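Following: one structure in structure tokens, then a few remarks.
The values are calculated or read from the model by the stated rules, or taken from the named source; none is laboratory data. Only a predicted model underlies this, so the values are computations on that prediction, with no experimental measurement involved. Just so you know, the surface numbers come from the protein's heavy atoms only, side chains and all, with ligands and any DNA or RNA stripped out. Shrake-Rupley method; radii C 1.70, N 1.55, O 1.52, S 1.80 Å.
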Amino acid sequence: MPTIEVGRVCVKVNGRETGQRCVIVDVIDKNFVLVTGPQKISGVRRRRTNVKHIEPTEDSIDIKKGASDEDVAKAIGKGKKADAFKEAVLPKQVLVTA
């Protein structure tokens, strides 16, 4: 299972943004992380999220801790992953581990 780290691409499994991809920008503590879409690309706003509400994927991007939305958007564009961020993941494709 992929680890919770800065730059890890995740899928939201709970909340109004369920099925959307996001990137971990900062690890706050063992229960919470700061994620962003950014909103212009995937629709996920920059916010604090419980780690139980995200599912990490194998993908990651190279960003610094606390990177701005513009920096994240540039890193996503560099890796040509912007199209994948715009598509929602169907709930059956998300593996929920409690």
Practice problem: Ignoring everything but the protein chains, give the 1.4 Å probe accessible area of Ile54 in square angstrom, nearest 10. | Solution: 10
Quiz item: What ³J(HN,Hα) values, in whole Hz, does the Karplus curve 6.51 cos²θ - 1.76 cosθ + 1.60 give for the stretch 31-45 when θ = phi - 60°, with x put for Gly and Pro?
Solution: 10, 10, 9, 9, 10, 8, x, x, 4, 5, 9, 10, x, 8, 6
Quiz prompt | Exposure rank, largest accessible area first [Lys12, Lys65; 1.4 Å] | solution = Lys65, Lys12
Self-check item: Tensor-based shape of the stretch 1-46 (alpha-carbon gyration tensor, a/c under 1.5 rounded, otherwise prolate or oblate)
Solution: prolate
Self-check item: Solvent-accessible heavy-atom area per residue, rounded to whole Å², over the chain at 1.4 Å
Solution: 63
Quiz prompt | Fraction of accessible area attributable to carbon and sulfur, the chain (%, probe 1.4 Å) | solution = 49
Self-check item: Theoretical ellipticity at 222 nm over the chain - DSSP helices of four or more residues, -39500 (n - 2.57) apiece, nearest 500
Solution: -4000 deg cm²/dmol
Exercise. Work out, step by step, the length gained on full extension between Thr57 and Arg45: first 0.36 nm times the residue separation, then minus their alpha carbon distance; give nm to one decimal.
Key: 2.4 nm
Self-check item: Karplus (6.51, -1.76, 1.60) ³J(HN,Hα), θ = phi - 60°, over the stretch 59-68, in Hz, Gly and Pro reported as x
Solution: 7, 8, 10, 8, 9, 8, 4, x, 4, 6
Practice problem: Could you rank Asp62, Asp29 by how accessible they are, 1.4 Å probe, largest area first? | Solution: Asp62, Asp29
